[in-house]
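Everything below concerns the one structure shown next.
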Amino acid sequence: MTGGFTALGVPIDSVGRSGGTEFSPRVLRSLGLVEALGAVDAGDLDVSIRGDERDPATGIVASDDVIATSVTIRGAVGEIVGSGSKPFLIGGCCTELVGALAGARDALGRVGLAYLDGHLDLYDGGTSPTGEAADMPVSVALGLGPSAWSEAIGGPSVRSDDVAILGYRDLEESQTYGMRHPDTVPGLTHRSNEAVRAAGVWSTGTKVAGALAATGPFWLHLDVDVLDEAHFPATGYLMPRGLTWGELADLIGPLASHPSLAGASVGCYNPEKDPGERCGRRLVELLGAAVGG
């Protein structure tokens, strides 16, 4: 994958109400993210997620909008990848990943995933405590989430042995709700924040990039809550013991600059929780440095 980036805004928030992470694309643009990436700006997709009700069939809040959003993202990402460019999705919330991976799969065939997140996101419509689509994007991409959502984007978009979840720290909490344990997903690579540190942060990023690239192109997704709550309070689900800015730079650098990168996405930055936009500015600096290698 040698093309430059095409930035695409995805102004959504899976809580189903206006505000929050919906504002992220606008604010990150204003802080210079598109320029930092050296990207062409394709504007924002016309998508939104609205509703407070949890659909009884899928278990997802605002299920129809979630599915429609994924279908729209799938088409847009497939078109960008097919043109020889690399999409960079400016979210929004992690719901964006489902359509993004489906579009990359449509254009490229087999595709991998490096998922940097404070959460495993292996819930489904039955086990998610909130019903928010952002609880379950990895499950849906693997074909393990709500069937209606998976079917709408053409079925599974990644194989479990082509997925690496890095930096999570919610395993104990998630098991109290009955979320699928990552060890039960054959071939899935998963490293908690402490496991990443123990193995070496830069070394982990380098090894995962090499392993994913060995089977083809891969997608990179960053949920900002992989950072410790003290370093990045501008997100919805705050947790201690996350990565520092320096650790995240070391982890994401080998992935974001790898020649096999097919596209990337960032999610869960909430500008309403960022007075003075300090977190947003730091995020733009990190992403710009990461893609520059």
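The values are calculated or read from the model by the stated rules, or taken from the named source; none is laboratory data. Note that the structure is a prediction, hence the values are computed from the model and not measured. Cβ sites come from the backbone with ideal geometry, for glycine too, and all protein chains shown count toward neighbours. Calculation scope for accessible area: heavy atoms of the full protein, side chains included, ligands and nucleic acids excluded. Shrake-Rupley method; radii C 1.70, N 1.55, O 1.52, S 1.80 Å.
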Kindly provide the pair-distance distribution of segment 148-293 built from C-alpha pairs, with 5 Å bins from 0 and whole-percent values in order of increasing distance.
2, 9, 17, 20, 21, 16, 11, 4, 0
Where does segment 173-213 land on the Kirkwood hydrodynamic radius, alpha-carbon pairs, in angstrom?
11.8
As a percent rounded to 5, the proportion of antiparallel DSSP bridges among beta bridges in the chain is 5
Portion, in percent, of the accessible area of segment 181-293 that falls on carbon or sulfur, probe 1.4 Å
56
Any chance you could tell me what percent of the C-alpha pair distances in segment 40-165 go past 21 Å?
34
Cβ crowding within 10 Å averaged over residues, with 90-99, 165-174 ranked highest first
90-99, 165-174
Counting only heavy atoms of the protein chains, get the accessible area per residue of the chain (1.4 Å probe) and round it to a whole Å² value.
36
Between Ala211 and Arg110, what is the label-to-label distance in nm when each label sits 7 Å out along the Cα-to-Cβ direction?
1.6
Gain upon complete extension [Thr244, Asp161; 0.36 nm per residue less C-alpha separation]
27.1 nm
What per residue convex hull volume, in Å³, do the alpha-carbon atoms of the chain yield?
105
